[in-house]
Structure formats: structure tokens, C-alpha cells
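Here the structure is laid out as C-alpha cells; the discussion comes afterwards.
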């Protein structure tokens, strides 16, 4: 019994840490998962992350939680490979857990229930202490693609939309150390709420930019990266997640004008979401 699937990275529109409400959109960068099940009643799960030296704890947890949910005592081998830079603010944990749960369900031959996939994926991230809010915005954008605005506390999607697919998206990876200061980020709540309302009203680019200014200030990341991206011709730019990656969206090719800001990954919006292969 074998299953394969992928799920998406996402770029932040509104970081949910301050208020519990957030928004993200799917990027065409993927995590691929493969799960092989063995009906031996031993429940021994082995995992391997093919393109990184990180431990496979999350993917093992995803398989274990999925098997436990259905009451199976199978052993399993799970492996992942990724196009997403890890620990960069691009929802690599959400994408990894979504892809792994989806691949496990495929291997089991179980009917795919979207809510169950997301619940098991988020539970696995919580179990491994990889999320502060449950990252429902990241998880849904990774799973469904397109734009998802969510109440992370209630696990509700407040709005879904599509991102124009003819846009160019650049992920800038400056040489900065990750800094997750939850206490400082929560101070932003009263200032983030009106920006979230901008996103609800469809002004995604303005919301993305303003959100990035606030969070990068709170986390001591530079704001001039987003400003320089605008100078280079971007429609919008801002910090993704808790960084250090920045998202830049443009209508034309501006990659050469961004090269001094850090390592650049060129991608595009993805409105299709996760898939079983």
C-alpha cells in the first residue's frame, strides 16, 4: 500500500500571531510526500527527509496520527522532498504535514475529507511544537491554494479568493537570523485588525505590505527590503510569516533589480492546491 501527494508553500498576507486572524496565498513551491504501509501489526514508523538534515519527527507524527485516527496498527515508511526553504516563513511545516497526511490517506485508500486532512496536519504540528496559532491560514492556503483569510482560533475560513496567476512572485531570502518574539508580535493586535479588514475587502496587496512593515519592525527585520522591492517595480512586498523570507509580487520580470536584497527564488501563485499523485 503506497500513497503519494504534494502540498504548497504559502506567502503571508496577514500574520495571525497578533490577533488570531490571518491570511495567506498558495505558492507554486511544493513538498512531496511518499508513504508505504506494511500490514504487520507492529506500528513501527520510519521517516526520512530526503533533501535536508532535519529530523523526520513531523512526518512520522503525521503518519502515526492518521493511522491512529482510523485504528490501524500498520508499520510505515515515509519520505519527503521539498522545494520550500525551511524555517523561512513560507509554511514549510504546514505544507509538509498536509502532504504527508494526504499521502497516508491515499495509501490507506480512505476517502479524502478536507477538514480531516487539515485537522490531522495541524494536530501533528501542535504535537511537535511547530505552531503558535495552529496556522490555519497557512494550512488552508497550502491545501486549497489561492487566498485564504481565516480565524485561526475558531478554525474557520472567512474568505477564499484566487490570486491572479499571471503575476510573478519572488521569495527573497536575506542573510538574517530567524527571530520569533511572540510577546512583541502580540503587541500589534490593535494595529493589525484594521489591516485584516483591508484584506477582507480585497485589498490584499496593501494588507500584505502594511502587515510586513509592522511585523518586521516588531522582529527587528529591515523594512527597506520591501521599500526597495517597490522601487524595483513590485506591486507589493512584505515579510512572510515570522521571516526571514520576504514575498515580492510583480507584474513584470524584476528579478535582476532585486538581486542585491538576498537569495531569490522565482515562483508564481498557485490556485489549485494540494494533490494526490
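Given the criteria within 18 Å of the chain's Cα centre (by Cα) and surrounded by 14 or more Cβ atoms within 10 Å (Cβ to Cβ), does residue 268 qualify?
Against the criterion (within 18 Å of the chain's Cα centre (by Cα) and surrounded by 14 or more Cβ atoms within 10 Å (Cβ to Cβ)), residue 268 qualifies.
Given the structure, is residue 116 part of a helix (DSSP H, G or I), surrounded by 15 or more Cβ atoms within 10 Å (Cβ to Cβ), assigned by TED's automatic domain parsing to the domain that holds residue 22 and free of Cβ contacts under 8 Å to residues at least 60 places away in the same chain?
The answer is yes for residue 116.
For the range 154-186, give me each residue that is at pLDDT 95 or above and outside any loop (DSSP other than H, G, I, E, B).
Those that are at pLDDT 95 or above and outside any loop (DSSP other than H, G, I, E, B): 156, 157, 158, 159, 160, 161, 168, 169, 170, 171, 172, 173.
Residues in the range 134-147: is at least one in a strand (DSSP E or B), farther than 30 Å from residue 67 by Cα and under 19 Å from the mean Cα position of the chain (by Cα)?
yes
Filter the range 226-261 down to residues that are surrounded by fewer than 24 Cβ atoms within 10 Å (Cβ to Cβ) and assigned to a helix (DSSP H, G or I), then give me how many there are.
Looking only at that region, the number is 11.
Could you check residue 192 against (1) part of a loop (DSSP other than H, G, I, E, B); (2) touching a helix residue (DSSP H, G or I) at 6+ places or on another chain (Cβ under 9 Å) and say which number it fails?
Failing condition for residue 192: (1).
So is residue 17 buried (at least 23 other Cβ atoms within 10 Å of the Cβ), part of a loop (DSSP other than H, G, I, E, B) and in contact (Cβ under 8 Å) with a residue 40 or more places away in the chain or not?
Here the answer is yes, as residue 17 does meet what is asked.
The values are calculated or read from the model by the stated rules, or taken from the named source; none is laboratory data. Fair warning: this is a prediction, and the values are worked out from it, not measured in the lab. For neighbour counting, all protein chains shown are included, and Cβ atoms are generated from backbone atoms with ideal geometry for every residue, glycine included.
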